Amino acid sequence: MTQDSIVRRITDFANRADPYPVYRELRKTPVLHEEEGGPYVISSYWDIEALLHDPRISSDAANLAAAGDDTLLQSEETGGLPPSFLRLDPPEHDRLRRIANSAFGPPHRPHRIDGMRGELQKIVTDLIDGFGDARGVDLVDQFAYPFPVTVICRLLGVPREDEPRFRAWVDPLVASLDPGTRREADEEFARTAREARMQLGMYLAGLAEERAKEPRDDLLSDLVNSHGPDGAMTMMEVLSTSVLLLIAGHETTVNLITNGMLTLLRHPDVLERLRHEPDLAPRLVEELLRYEPPVQLVPQRTCITDIEVRGVTIPKGSRIWLVLAAGNRDPERFEDPERFDPDREDIQHLGFGSGIHICFGAPLARLETQIALTELARRLENPRLVQDPPPYRPNAVLRGPRHLEITFDGIRP
């Protein structure tokens, strides 16, 4: 790639704080292919949505491997577990997702997520209370990062006394999946990640065996004891699904909450409005998912046959990048797309993807973010950014601040 390559600029850390000028330029060439063997980059809303629903586009890990090396591909190092359904195509994807969804939400468990509302509220309250008498915090380390881990523990059915151990395994696992922080040459870092994967896998396997003998009202029990029309998951499939929910749900929710608070601090009128109008939260979160999506692009797609997009033939076996964040600000789809507007009525964003791989944990991520931002707006007195832009994580796919230092005048009860 040349120095002026748009693909290089997408991945260049120098543009992480504000990639949107690059995306505007990218949309001028809706199907971009800069070099032989490189990805075909798709940036318009309608094209991305169509391809997310196109059965000729594969998510299978084997097809991705055959398409060649891609620095943005997330390594799914899950300690010898089979690929999660995120990395599979139909019909196997559909079977596993249906089983998982029957344990996660409607129609079989219509109240599982909404029924956690009170518990989520208490976790958020405890975290904010934990700020103590401080007049400044790192919102990532002290709030947005621990919140989703605690939630997934409660959802899976991890005993509360085991939550600290669980978090200790999650931290290096999450770090190992970030291509910007993954240090292949650092043997100690790699060893820590391998050990964490092994211990987490052993722990979940033991917990799953307990739930097979004595089921409880938790997600892990439902996954282990599912015997619907699609049959049962194997123990290995249960574990890979649990790890998927843990990893995918953690990083995206951290970024959604952090990007959300950063956006509100940059729009103090909206922040003040949320403090007085908590019912604004659902619409506000949907606009955040359009305006600052936690998943910026999807690089894990491959053509299984020749496909034509806008007159360009994408050959079989080619890699495709779907730049969700560019599509979310496409002026052909959204009026005044660069403006953050929580009253926007037409809000069919791509923040959770679309099609058969639409974000499995979206209902939980929405609820977590609505409660988190509403309580932060209500309880923090005169919150202010310490640094703008804040320091960002290196990851170009899962984009969000690594730290978000804020100050405030006090904490309301």
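The values are calculated or read from the model by the stated rules, or taken from the named source; none is laboratory data. Quantities reported herein were computed from a predicted structural model and do not represent experimental measurements. Accessible surface is based on the protein model in full, side chains and every heavy atom, while ligands, DNA and RNA are left aside. Shrake-Rupley method; radii C 1.70, N 1.55, O 1.52, S 1.80 Å.
Data table
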{"read-out": "Amide H contacts under 5 Å for V309, placed H, 5+ residues apart", "value": "I314"}
{"read-out": "Residue-span extension gain [Q121 to Y203] - 0.36 nm each, minus C-alpha spacing", "value": "26.8 nm"}
{"read-out": "Average accessible surface area per residue within region 334-404, 1.4 Å rolling probe, Å²", "value": "39 Å²"}
{"read-out": "Residue-level accessible surface for D162, protein heavy atoms, 1.4 Å, Å²", "value": "30 Å²"}
{"read-out": "Region 1-46 pair-distance distribution - Cα-Cα, 10 Å bins, rounded %", "value": "27, 57, 16"}
{"read-out": "Kirkwood hydrodynamic radius of region 345-393, from inverse mean 1/r over distinct Cα pairs, in Å", "value": "13.9 Å"}
{"read-out": "Gained length - E92 relative to D279, 0.36 nm times residue gap less alpha-carbon distance", "value": "63.3 nm"}
{"read-out": "For Y392, residues with placed amide H under 5 Å, excluding near neighbours", "value": "R402"}
{"read-out": "Hull volume in cubic angstrom per residue (convex hull over the Cα atoms of region 232-335)", "value": "167 Å³"}
{"read-out": "Whole-Å semi-axes of region 256-403's equivalent ellipsoid (Cα gyration tensor)", "value": "32, 16, 14"}
{"read-out": "Segment D230-A50, length gained on full extension (0.36 nm per residue, minus Cα span)", "value": "62.0 nm"}
